[in-house]
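Notes for the one structure printed next.
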């Protein structure tokens, strides 16, 4: 019985270790790049909508917050993740794009109510989305 | 006028379950990935749920037996108890997910803390269930959900390709492109099962008894089920179209309720945004009420305990404690920060796996002349019901493996 318990504990520990330092294959990295690119494009649509001035202030602030939370969720998934060469470079690029998207989302949150700042943010965010999409296609 | 108002049971049942959190996000995602190609599961699901609701309503009216009373009689105590436990778990999961959606919409509407508002709002909803008669619950929440028609208006304003829509309504066996066939099947099964959520049938058949329908009301039963489901199906088609038009060309895979709501408002200005938020709030609230009440109905009907809104709370204590408790557990999950979309994915997939266990007993009872008398299924009803049973069994067997293989459809 004790032996069975120790096997179960070992399996559990290995599984947990796998969760915190997962090894990503090309499908996993492709999925992460797609999520980053999608979130960037989603943000672009939102900024366009803000430009029409049809949004309410509450919706604008709250939606920007949800977009930032979603990015945080994506970044958490990549924390501790590894990939074998040459995929490790693509994984690093994905992290960089996420980092940049995070900083643009922070800018967006403080730019709500300042429409003149939005086109610049939109351009950068679209460039991030395009870079992530291009990296995904290159896989 | 009374008959017209009876339609609200069908409207609330259908809107609260067809257009709940899962369906809003799920159908927009299917549109974003496959365009109009997955409209056929919506059509199939609409037909299936009309057949199921009509049959469950007819059995409830004629035999005076709602779903879980029949499950116990047909499956036996032990088997029935397993179905009941699984069903209660799913109902609770779904209620928590819907309330999670409510918190998001309240945050989007006001900018204040969604969690705090959700606690206050759920208390208000609970009070309304406790104080209002059943008819008023379905009228208020059913009619408020009609604001979701704004998504249909948006779909029209986006000028969709009508030929593409017509082609999408015919079944396609393959995805014809990325992210591939397994994802395509996962979304097909998911859409079909989200339209056949267990709790909507339990709510509807119990509602027929709550409203004291008689065998002479059976034409009304069909009209109510068909009207509500066709309306819900049309709105689901509209959500898919909006997803296909707003997200597919930009390569967006929406995972936020706020993004899907925004898509509905894109062509309509500020009024469109507010209507989309109000309609979503009404539908999610309706779904939370349906799930909470279904939790009370299920247990009381299984154990033959007093239930129903006609009885004062102290005469139906278990029923009252269960619906109130389900709402309370749902709010606790929201406050604890559980992600509603995760709960929704689980409830849709596991709901499908459970569906044959409740569908089959209803089908058997509806074909039993000894119970149903002259209201027994016609041959065509039984044939259609049998075909749907086969489809439900296939979807039930495929749901969990597809969820695992596709990581809940993540492209």
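The values are calculated or read from the model by the stated rules, or taken from the named source; none is laboratory data. Note that the structure is a prediction, hence the values are computed from the model and not measured. For neighbour counting, all protein chains shown are included, and Cβ atoms are generated from backbone atoms with ideal geometry for every residue, glycine included.
Points worth noting:
- Residue in region A:90-102 that is at the interface with chain B (Cβ under 9 Å from one of its Cβ atoms) and free of Cβ contacts under 8 Å to residues at least 12 places away in the same chain present: no
- Options B:401, B:411; residue that is out of contact with any strand residue (DSSP E or B) (no Cβ under 6 Å at 6 or more places or on another chain), at negative phi and within 14 Å of chain A (Cβ to nearest Cβ): B:411
- Among the residues of region A:33-79, the one identified as farther than 20 Å from residue A:120 by Cα, crowded, with 22+ Cβ neighbours inside 10 Å, at the interface with another protein chain (Cβ under 10 Å from one of its Cβ atoms) and touching a residue at least 12 places away in the same chain (Cβ under 8 Å) is A:35.
- Search result, residues across region B:74-84 that are assigned to a helix (DSSP H, G or I) and over 18 Å from residue B:376 (Cα atoms): B:75, B:77, B:78, B:79, B:80, B:81, B:82, B:83, B:84
- The residue that is farthest from residue B:42 (Cα to Cα), counting only those in region B:149-171 that are outside any helix (DSSP H, G or I) and touching a helix residue (DSSP H, G or I) at 6+ places or on another chain (Cβ under 7 Å), is B:158.
- Of all residues in region B:47-70, those satisfying the criterion of being crowded, with 24+ Cβ neighbours inside 10 Å and closer than 30 Å to residue B:245 by Cα are B:48, B:49.
- Pairing residues of region B:118-145 that are touching a residue at least 60 places away in the same chain (Cβ under 8 Å) with residues that are outside any helix (DSSP H, G or I), at Cβ distances under 6 Å and at least 6 apart in sequence or on separate chains, gives B:134/B:309.
- Tally, over region B:302-314, of residues that are part of a helix (DSSP H, G or I) and over 25 Å from residue B:77 (Cα atoms): 2
- The lone criterion from (1) surrounded by fewer than 18 Cβ atoms within 10 Å (Cβ to Cβ); (2) touching a residue at least 40 places away in the same chain (Cβ under 8 Å); (3) within 14 Å of another protein chain (Cβ to nearest Cβ) left unmet by residue A:84 is number (3).
- Looking only at region B:257-269, and only at residues there that are surrounded by fewer than 19 Cβ atoms within 10 Å (Cβ to Cβ) and assigned to a loop (DSSP other than H, G, I, E, B), the one that is farthest from the other protein chains (Cβ to nearest Cβ): B:267
- For region B:308-327, a residue qualifies if it is in contact with a helix residue (DSSP H, G or I) (Cβ under 9 Å, 6 or more places away or on another chain), at pLDDT 95 or above and farther than 21 Å from residue B:8 by Cβ, and the qualifying residues are B:316, B:318, B:319, B:320, B:321, B:322, B:324, B:325, B:326, B:327.
- Residue within region B:279-301 that is touching a helix residue (DSSP H, G or I) at 6+ places or on another chain (Cβ under 7 Å), at negative phi, within 14 Å of chain A (Cβ to nearest Cβ) and assigned to a helix (DSSP H, G or I) present: yes
- Only residues that are surrounded by fewer than 19 Cβ atoms within 10 Å (Cβ to Cβ) and within 14 Å of chain A (Cβ to nearest Cβ) were counted in region B:205-250, giving 3.
- The lone exception for residue B:332 - which of (1) touching a helix residue (DSSP H, G or I) at 6+ places or on another chain (Cβ under 7 Å); (2) not in a loop (DSSP other than H, G, I, E, B) it fails: (1)
- Within region B:321-337, the set of residues being surrounded by fewer than 21 Cβ atoms within 10 Å (Cβ to Cβ) and either more than 21 Å from the chain's Cα centre (by Cα) or over 14 Å from residue B:100 (Cβ atoms) (or both) comprises B:321, B:324, B:325, B:328, B:332, B:335, B:336, B:337.
- Scanning region A:25-35 for residues that are assigned to a helix (DSSP H, G or I) and farther than 18 Å from residue B:258 by Cβ yields A:26, A:27, A:28, A:29, A:30, A:31, A:32, A:33, A:34.
- Considering the conditions (1) surrounded by fewer than 17 Cβ atoms within 10 Å (Cβ to Cβ); (2) closer than 12 Å to residue A:43 by Cα, residue A:122 is excluded by exactly one of them, (1).
- Selected residue (only one of B:405, B:348 is modelled with pLDDT under 95 and surrounded by 22 or more Cβ atoms within 10 Å (Cβ to Cβ)): B:348
- Single match in B:146, B:99, B:106 (criterion: within 14 Å of chain A (Cβ to nearest Cβ) and either part of a helix (DSSP H, G or I) or over 25 Å from residue B:272 (Cβ atoms) (or both)): B:106
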